[in-house]
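Structure record follows, encoded as structure tokens.
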Amino acid sequence: MKQPRPKSTTRGFSRAATLMQPRIRHASEERGFAVTRLLTHWTEVVGEATAQIATPVNVSYGKGGMGATLTLLTTGAQAPMLEMQKEQIREKVNACYGYRAISRVRITQTAPTGFAEGRVAFTPAPKAKKTPSEAVQSTAKSLSDGIASDDLRAALAALGANVIHKQNS
């Protein structure tokens, strides 16, 4: 006797990840990335510091098929630092693959296909927060003394200190 099929709770909808998975796999395999985890989890694979200065561009296999070359894209200023880390990067990437898939790491400052495709995403340095001086903070605190609520008084004192500090700058 055949059991009835369980009723779906999705009502015909699919998750976006399952819809995009074949396309992502196809695009990454064209570039040589048989394991897409290397692309999607690049920061976890090589570490935060390395991931900020380099991105994987291509994995190319030699004629014999033994050992691939991983091409990393970086800026000119970071290339010497990355050059010294090649061996550690290769070990971490091979750990991601689960076997010795990568035998060489090549560093480039442009993508192997040309200038238009390979651009490094530059992230600006975080802005340094300027804190108001003690005199400015005490002035702002004295202006908010008449407020009954402690939270509101603290928020108004911080706002006042920032406004006064900005006006003096």
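Some points to look at:
- Couplings 3J(HN,Hα) of region 162-169, computed from phi: 5, 5, 5, 4, 5, 5, 6, 6 Hz, in residue order, whole Hz [Karplus 6.51 cos²θ - 1.76 cosθ + 1.60, θ = phi - 60°; x for Gly and Pro].
- Counting 0.36 nm for each residue step from C96 to A16 and taking away their Cα separation leaves a gain of 26.3 nm.
Taken together, the values in this text are just the output of simple stated rules run on the coordinates, not laboratory data. Computed from a predicted model, the values in this text were never measured in an experiment.
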